[in-house]
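**Q** Quick one: the structure is below, and I'll ask about it shortly.
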Amino acid sequence: MIREAPYLELEALREDAGTRLDVVLARRVPGLSRRRAQEMLESGSIRLNGRRARKGDRLGTGDRITLSQAPAPS
């Protein structure tokens, strides 16, 4: 089985704890808006700790965020 390398991997910081995933992504990924982050979440392009992330997910310190594709400009 061939598996593509992720586009980007992030680790949630202490200041990210309790914050919605889409907000953190918009803050930490250059050129990514909250709207585009939400679209990527809906399409399944973002994983949180190895599982498909959902739009309302809130982060804990040390959570692993993986984007499987580059964010397209919105």
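The values are calculated or read from the model by the stated rules, or taken from the named source; none is laboratory data. Given the structure is predicted, the values throughout are model-derived calculations rather than measurements. All Cβ positions, glycine included, derive from the backbone under ideal geometry; neighbour counts span all protein chains shown. The protein model used for the area step is the full one, side chains on, heavy atoms only, and it has no ligands, DNA or RNA in it. Shrake-Rupley method; radii C 1.70, N 1.55, O 1.52, S 1.80 Å.
**Q** Considering only protein heavy atoms, what per residue accessible area in square angstrom results for the chain with a 1.4 angstrom probe?
**A** Here the residues of the chain average 65 Å² of exposed surface.
**Q** Please identify the longest segment of the chain free of exposed trypsin sites (Lys or Arg not before Pro), where exposed means a DSSP state other than H, G, I, E or B and no more than 16 other Cβ atoms within 10 Å.
**A** 4-53
**Q** Give me the percent of the accessible area of the chain that comes from carbon and sulfur atoms, probe 1.4 Å, all protein chains in place.
**A** Carbon with sulfur: 47 percent of the solvent-accessible area.
**Q** With springs only between Cα atoms under 10 Å, which of Leu21, Leu48, Leu13 fluctuates most in a Gaussian network model of the chain?
**A** In the Gaussian network model the winner is Leu13.
**Q** Each residue of region 34-46 in order: what ³J(HN,Hα) in whole Hz does its phi give by Karplus 6.51 cos²θ - 1.76 cosθ + 1.60, θ = phi - 60°, with x for Gly and Pro?
**A** Result, ordered by residue: 4, 4, 5, 4, 5, 5, 5, 4, 5, 7, x, 7, 10 Hz.
**Q** Suppose each label sits 7 Å from its Cα in the direction of the beta carbon; what would the Arg58-Ala72 distance come out to in nanometres?
**A** Placing both labels 7 Å along Cα→Cβ, they lie 3.3 nm apart.
**Q** Same structure again: Out of (1) 20; (2) 37; (3) 42, which label holds the value of percent of Cα pairs over 20 Å apart that was computed here?
**A** From the options (1) 20; (2) 37; (3) 42, the structure gives (1).
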